[in-house]
Amino acid sequence: MRGLNRSVVVGRVGQDPELRTSKAGVAWCTFSVATDRRRKVGEEWVDDTDWHRIKVFGRDAEACHRFVRRGSMIGVEGSMNYDKWTDDEGQKRMTPALLADRVSFLTDLREAQV
């Protein structure tokens, strides 16, 4: 049986997406999305914010760069990936990122256009 690697994140964008182009000419951008959750600590409710790193490629990246702004509500569906790298001290590191297959703009696009 094969495994399943699917994730869905719906939240607010933390910063404007930055559009870049690979050496092969493929557009891509990264940004972060915040999701909130509540948990009870003793008698009080506490809000926690989780940040999710998102990577988008191709036409979706260009659309994100054009329409998504800090604070926009967005839905992202894709697979989790881990960028592996070595830091300056020689320690191996991994950074999780959601590779987007589908992006849904949940903020009215007229509000987001520049």
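Screening Lys84 against (1) assigned to a strand (DSSP E or B); (2) without any contact (Cβ under 8 Å) to a residue 60 or more places away in the chain; (3) surrounded by 12 or more Cβ atoms within 10 Å (Cβ to Cβ); (4) of a type outside the set (Ser, Thr, Tyr) leaves a single unmet condition, (3). So which residues in the stretch 1-30 are open to solvent by less than 80 Å² (accessible area, probe 1.4 Å), over 15 Å from the mean Cα position of the chain (by Cα) and hydrophobic (A, V, I, L, M, F, W, C), if there are any at all? Val26, Ala27 - these are the residues of the stretch 1-30 that are open to solvent by less than 80 Å² (accessible area, probe 1.4 Å), over 15 Å from the mean Cα position of the chain (by Cα) and hydrophobic (A, V, I, L, M, F, W, C). Mind checking whether some residue in the stretch 31-51 is touching a residue at least 24 places away in the same chain (Cβ under 8 Å), within 21 Å of Arg6 (Cβ to Cβ) and in contact with a helix residue (DSSP H, G or I) (Cβ under 6 Å, 6 or more places away or on another chain)? The answer is no; no qualifying residue exists. Take the residues in the stretch 61-70 that are part of a helix (DSSP H, G or I) and open to solvent by 60 Å² or more (accessible area, probe 1.4 Å); name whichever of them is nearest to Val13 (Cα to Cα). Looking at residues that are part of a helix (DSSP H, G or I) and open to solvent by 60 Å² or more (accessible area, probe 1.4 Å), I get His65.
All of (1) in a strand (DSSP E or B); (2) at pLDDT 95 or above hold for Arg38 with one exception: (2).
The values are calculated or read from the model by the stated rules, or taken from the named source; none is laboratory data. Note that the structure is predicted; figures quoted are calculated from it, not measured. Glycine gets a Cβ as well: all are built from the backbone with ideal geometry, and neighbour counts include every protein chain shown. Remember, those area values only see protein heavy atoms, side chains included, never the ligands or the DNA or RNA. Shrake-Rupley method; radii C 1.70, N 1.55, O 1.52, S 1.80 Å.
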